[in-house]
Amino acid sequence: MIKKLICLLGIAIPSFLIASNSISLQRASGEDVTNTVYTVTGPSTTQTFEEDLYVTNNTDTTVKIRVRRKQILVNPNSIDYFCWFQCYGPPVNVDPPNNFILVQQNETNYENFHAYFKPQGIFGLNRIRYTFFNNVPGHLDDSAFVEIIFDVASVMPPDPILLQIPNSGFITNSDVNFSFQIDTSNQDFISDMVYPLSITNNTNIIKQLIVKKRELSIIEGSQNFFSWHATFNPTVMEDTAGYLMYPNTTISGEFKAIYRSNGNLGESVIQYVVYNKFDPSDSSFVNVHFNVVYSGLTDAKKEHVRLELAPNPANTFTTLYFDKIHDEMALLSIVNLCGEEVANYSIASSQTRQKIDVQNLNNGVYFCRLSSNAKNISTIKLVVAK
């Protein structure tokens, strides 16, 4: 009334003497968020986001504050709730009339309001409005709101695309050996070597997966091709259609790498890269060593050496475990994505493990390559995350 009278008399009032809102809101950091929108960000692996708000009564009378929640844009699989006097689950959008909190004149309530949001592993933007209003009759228009955007970022797993021998172990980003012995009694040179793969989309993102092959080392006169939603002739190095794969699904046995020796002995090495058409950097590979020999003449040195890393991802040290190597000496190289060697270790034939120091490596993806006589034996991916 006094303010209205002064205005009618045309007397100027300094702005600092007039409260802009009878109710104001602040974050725990002290930032004023009255009638504003702000964003909090975190990964989809976050169990629960919590936002605490302080409520201030800017008037010279006591107010009875209640809270109303409005889900403007919320993923239906997520969970959100708020606490004010008591905690209210998802079905409750406004606290009951008798559950108001008294806030005295020019007082700030520092304890009672908490907004909680659980993304449940789902990423995306979620927007919720919280309105604080005076429950005193005749003063329901005394209110303030804040809109909180919970920006849930997707976190890609270490291997977003997983490659696996059906009903066997994972071979993502590694070398595998596939030997075929020709029976000298009938010299069966016609049979194809067929190597099937299961492919998994290990994320919560829809992907269009494409397959590309690279001939790393080919025996002259041999042929190779692959089957993936269609069977491609040997000259096709990449399919163009691909498979649409939904989150956390597996296609088992649809992909087949096919090698035809045409009677030519020796080892051909072919790399198969599976990548996301919408993000080519999202990829995995396997190098398949097709080794064709006469019965009884398999070279033991060409057998694939199994590799395991633990821990992986690593932040200080990790250990590479492997089978015994037939050669007297081998070399373990740590290579970055640009193909640059960042570390190496000499491996004796008696060893079955090697400790690797990653403290001086930047965060990212590396490859551990085991080789002998300048020939690659096995490869495994290493993730450094500090």
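Using Cα pairs closer than 8 Å and at least 6 residues apart in sequence, work out the relative contact order for the chain, in percent. List each step's numbers first, then the result.
Working: 906 pairs, mean separation 49.8, N = 386.
Value for the chain: 13 percent.
Give the separation of the Cα centroids, the stretch 20-97 to the stretch 214-272, in Å. Cα centroid to Cα centroid, the span is 55 Å.
Can you give the helix-only mean residue ellipticity at 222 nm for the chain, where every DSSP H stretch with n ≥ 4 adds -39500 (n - 2.57) and the sum goes over all residues, rounded to the nearest 500 deg cm²/dmol?
For the chain, the value works out to -500 deg cm²/dmol.
Each Lys and Arg Cβ is given +1 and each Asp and Glu Cβ -1; about its Cα centre, the stretch 18-153 then shows a dipole of about 440 debye.
For residue 216, nonlocal amide neighbours, meaning residues 5 or more places apart or on other chains whose placed amide H falls under 5 Å from its own, are 269, 270, 271.
Listed from fewest to most Cβ neighbours within 10 Å, the set 102, 332 follows the order 102, 332.
Karplus-derived 3J(HN,Hα) values for the stretch 45-57, using 6.51 cos²θ - 1.76 cosθ + 1.60 with θ = phi - 60°, are 7, 4, 5, 8, 7, 10, 10, 9, 10, 9, 10, 10, 8 Hz; glycine and proline are entered as x. Per-residue 3J(HN,Hα) values for the stretch 253-259, derived from phi via the Karplus relation 6.51 cos²θ - 1.76 cosθ + 1.60 with θ = phi - 60°, read x, 6, 8, 9, 8, 10, 10 Hz in sequence order (x marks Gly and Pro). Lys and Arg at +1, Asp and Glu at -1: add these up for the other residues within a Cβ distance under 15 Å of residue 29 and post the number. Residues near residue 29 contribute -4 overall.
From the list [x] 4, 17, 19, 16, 12, 11, 9, 6, 4, 1, 0, 0; [y] 5, 20, 28, 25, 14, 6, 2, 0; [z] 5, 21, 27, 20, 13, 8, 4, 2, 0, can you say which value of P(r) over Cα pairs in 10 Å bins from 0, in percent was derived from the structure given? Among [x] 4, 17, 19, 16, 12, 11, 9, 6, 4, 1, 0, 0; [y] 5, 20, 28, 25, 14, 6, 2, 0; [z] 5, 21, 27, 20, 13, 8, 4, 2, 0, the one derived from this structure is [x]. Given H placed 1.01 Å from N in the peptide plane, which residues other than close sequence neighbours of residue 177 have an amide H under 5 Å from its amide H? Sorted by chain and number, the residues that satisfy this are 289, 304.
Over 30 Å between Cα atoms: which of 277/324; 324/381; 70/277; 207/324 fall into that group? Pairs exceeding the cut-off: 277/324; 70/277; 207/324. Of the residues 83, 368, the one with the fewest other Cβ atoms within 10 Å heads the list, and the complete ranking is 83, 368. Label zone (residue 114, point 7 Å along Cα-to-C-beta; backbone nitrogen cut-off 13 Å) within the stretch 44-69: 48-53. Distant-in-sequence amide contacts of residue 356, defined by a placed amide H-H separation under 5 Å and a gap of 5 or more residues or a different chain, comprise 318, 319, 320.
If you take all other residues with their beta carbon under 9 Å from the beta carbon of residue 284, and give Lys and Arg +1 and Asp and Glu -1, the sum is -1.
Coupling constants for the stretch 312-318 follow from the phi torsions by the Karplus curve (6.51 cos²θ - 1.76 cosθ + 1.60, θ = phi - 60°), and in residue order they are 8, x, 10, 10, 10, 9, 9 Hz; glycine and proline get x.
Here, each number is a calculation from the coordinates, and none is a lab measurement. On a predicted model such as this, the values are computed, not experimentally measured, just so you know. As a convention, Cβ positions derive from the backbone with ideal geometry for all residues, glycine included, and neighbour counts pool all protein chains shown.
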